[in-house]
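Below: one structure, written as structure tokens.
Any read-out appearing in this document is the output of simple, stated calculations on the displayed coordinates, not a laboratory observation. All of these numbers come straight from a predicted model, not from anything done at the bench. Using ideal geometry, Cβ is built from the backbone for each residue, glycine included, and neighbour counts are taken over all protein chains shown.
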Amino acid sequence: MAKLNLNRVAMPRQSPRKRAKNFNEVALGYSLKQAQKEAGRCIQCPKRNCVDGCPVEIDIPGFIQAIRDGDMPEAVRILKSKNALPGICGRVCPQESQCEATCSLAKKEAPIAIGRLERFVADWERANMGAAKKPPKSPKSTGKKIAVVGSGPAGLTAAADLAKMGHSATIFEALHVAGGVLMYGIPEFRLPKEIVQAEVDYVASLGVKIELDSVVG
């Protein structure tokens with residue numbers, strides 16, 4: 001049996017001297033080489049505790065194996081089959097108390113950096129599949145219309161899942177930009193607005209309508 005690798009790959013970051021002079025994202029993200037090195041630490045447990053710890057039940061071993069194999073389109077497919085907001089979740093989801101907390105290597109205080117790998121896949125897709133990316137295939141319509149109030153993370157996720165099920169979903173957002181707390185409550189150096197907008201655009205590409213400046217109730 002191969003020896004466990006307990007050394008997590010560090011996330012590159014802006015130096016304190018540089019980040020003191022800008023509001024850009026502090027964490028810079030993995031390179032492909034760094035992501036594959038971190039993915040290589042995953043022991044592909046028969047009992048997938050990390051999936052049990054994920055609120056949306058992403059096939060975490062599956063997308064990590066795809067990174068390891070260099071099959072990035074497959075990693076994107078696996079992630080987005082369960083999560084419409086991987087670039088956001090990879091940055092601000094509390095993985096340390098969810099999927100990473102249930103990772104088998106957490107017992108050795110060295111869980112796989114699942115959030116960093118999720119972010120890497122989302123950033124890779126945006127950088128490499130933008131122009132070539134085909135619009136998601138629309139499912140057969142159920143004829144049902146559903147209103148979602150608010151375009152925060154819950155509203156965006158609910159609307160995306162409803163659209164994937166064939167329902168006609170419309171989000172009503174009181175403010176003039178979609179995103180809710182993602183846009184207005186998290187600073188740029190933690191979650192860049194362009195990341196939020198890219199994932200709002202993806203939700204819209206599923207057929208979700210977003211009505212801005214629409215106060216409900």
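Taking amide H as placed 1.01 Å from N in the peptide plane, ARG13 has its amide H under 5 Å from the amide H of LEU28, each at least 5 places away in sequence or on another chain. With a sphere of radius 14 Å drawn around the Cβ of HIS176, what net charge do the other residues whose Cβ falls strictly inside it have (Lys, Arg +1; Asp, Glu -1)? Its environment carries a net charge of -2. Under 5 Å between amide H atoms, partner at least 5 residues away or on a different chain: which partners does VAL149 have, H built in plane at 1.01 Å? The list, which skips near neighbours in sequence, is PHE172. Whole Å is fine, so just give me how far the alpha carbon centre of the stretch 1-43 lies from that of the stretch 171-217. If you average the Cα positions of each part, the centres end up 28 Å apart. The trypsin sites (Lys or Arg not before Pro) found in the stretch 40-108 that occupy coil by DSSP, while having at most 12 further C-beta atoms within 10 Å, are LYS47.
Compute the distance from the alpha-carbon center of the stretch 78-133 to that of the stretch 144-165, in whole Å. The two parts, judged by their Cα centres, are 21 Å apart. Sparsely packed loop sites in the stretch 1-99 (the chymotrypsin sites (Phe, Trp or Tyr not before Pro) outside DSSP H, G, I, E and B with at most 12 other Cβ atoms within 10 Å) comprise PHE23.
In the chain, the DSSP beta bridges split such that about 10 percent are antiparallel, to the nearest 5.
With respect to the cross-link table entries LYS37/LYS80; LYS80/LYS164; LYS3/LYS107, which display a Cα-Cα separation exceeding 19 Å?
Violating the 19 Å limit, Cα to Cα: LYS37/LYS80.
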